[in-house]
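Structure first, commentary second.
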Amino acid sequence: MSTAEYPATAPGGHPDRPGFWRAPFARQSFRELGYAITGLPVAVFGFCLVAPMFFAGVGLAITVLGLPVLGLLLVVARGLGAAERGRVRTMLGEELPAPPPVVVTREGFWGRITARLADPPGWKAVLHQFAMLPWAILSFTLSITFFCLGWALALFPVYQWVFRRYTSWDGYRVADWRDSNGVQHVYELTSPWQIAGVCALGLVILFLTPQLVRGLNGINRFAARALLSADD
């Protein structure tokens, strides 16, 4: 695969980070956002594979049937770990070395099973699937919320006329309530200063979003280095 398909990297293996003013429009920022958004379905898929096998294997551990289930769990977890290292490499531009393969010292079916059960990287990969699901939910929620909110507010001057033309509102209505005296209170964004203020708020959020997403993905980088890559 051509190296041109990956983000440019700075010394140390990390992708070149765009400057603050260029970040909302830089390709690397969209890669980071894509990583955070796709992390949720990936984490849910991995958890749904690992959790049933883990609890079934533990529940059957008192019998001989639980050991093959746990062995299969570790095989699956290692595969999910390899896929996650690929996501980190492709979308975050960081190369993570794969852990060493499982060493089988005894021949036969049970020899392979016991080798799997004594595989620390496999158990670390299982832990990764359990630990990162809550973080994937948080990362997805914050990333998509701030990204959409920033662009929606920043572009408000472009589409604010829609409310006046196609609704009964004079502008975007942010509040509408009736007090205890029966007086109706309506607050709509109609003046140029209000519209400009909304746009300015959107620009602030827009420029801060790449920094937020990068920080959220920093936890994913740390977890992948600690649990899915070879020890230094």
Problem - Spacing of the two label points (7 Å from each Cα toward its C-beta) at Cys148 and Ala118, in nm - result: 5.1 nm
Fill in the blank from the handout: What helix-only [θ] at 222 nm does the chain give? Using -39500 (n - 2.57) per DSSP H run of at least 4, over all residues, to the nearest 500, the answer is -21500 deg cm²/dmol
Problem - Cut-off 19 Å, label 7 Å out along Cα→Cβ of Leu203, residues of segment 18-50 by amide N - result: 19-26
Practice task
Return the FRET efficiency for the residue pair Arg27, Glu95: r is the Cβ-Cβ distance, R0 is 30 Å, and the value is rounded to the nearest 0.05.
Solution key: 0.95
Completion exercise
Leu155 and Phe20 label points (each 7 Å along its Cα→Cβ direction) are spaced in nm at 2.6 nm
Problem - Given charges at Cβ of Lys, Arg, Asp, Glu: segment 72-219 dipole, positive-most of Ala131, Pro210, Val198 - result: Ala131
Exercise for the section: Would you mind telling me the share, in percent, of accessible area of the chain contributed by carbon and sulfur at probe 1.4 angstrom? Expected result: 69 percent
Completion exercise
Here the gain from full extension of Phe222 to Val183, 0.36 nm per residue of separation minus their alpha-carbon distance, amounts to 8.5 nm
Fill in the blank from the handout: From the Cα centre of segment 166-232 to that of segment 85-109, the distance in Å is 39 Å
Problem - Of (1) 1.02; (2) 1.17; (3) 0.99, the label for Rg/Rh (Cα atoms, Kirkwood Rh) derived from the coordinates - result: (2)
Handout entry: Exposed GluC sites (Glu not before Pro) absent: longest stretch of the chain, with sites in DSSP loops and at most 13 other Cβ within 10 Å deemed exposed
Key = 108-232
Practice task
Return the long-range amide H neighbours of Tyr172 (sequence gap of 5 or more, or a different chain), with a cut-off of under 5 Å between placed amide H atoms.
Solution key: Leu189
Problem - Relative compactness, segment 175-229, computed as alpha-carbon Rg over 2.2 N^0.38 Å - result: 2.12
Practice task
Quantify how much of the Cα-Cα distance distribution of segment 130-232 extends past 21 Å, in percent.
Solution key: 56 percent
Completion exercise
Probe 1.4 Å, heavy atoms of protein chains only: per residue, the accessible area of segment 79-228 in Å² is 56 Å²
Exercise for the section: Counting only C-alpha contacts under 8 Å and six or more residues apart, can you give the relative contact order of the chain as a whole percent? Expected result: 26 percent
Completion exercise
Phi angles of segment 191-208, converted by Karplus (6.51 cos²θ - 1.76 cosθ + 1.60, θ = phi - 60°) into ³J(HN,Hα) in whole Hz with x for Gly and Pro, give 7, x, 5, 5, 5, 5, x, 4, 4, 5, 4, x, 5, 4, 5, 4, 7, 7
Fill in the blank from the handout: With label points set 7 Å from each Cα along the Cα-to-Cβ direction at Leu72 and Arg164, the distance between them in nm comes to 6.5 nm
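The values are calculated or read from the model by the stated rules, or taken from the named source; none is laboratory data. All figures in this text were calculated on a predicted structure; none of them were measured in a lab. Glycine also receives a Cβ, built like all others from the backbone with ideal geometry; neighbour counts cover every protein chain displayed. Heavy atoms of the whole protein, side chains included, go into the accessibility calculation; ligands, DNA and RNA do not. Shrake-Rupley method; radii C 1.70, N 1.55, O 1.52, S 1.80 Å.
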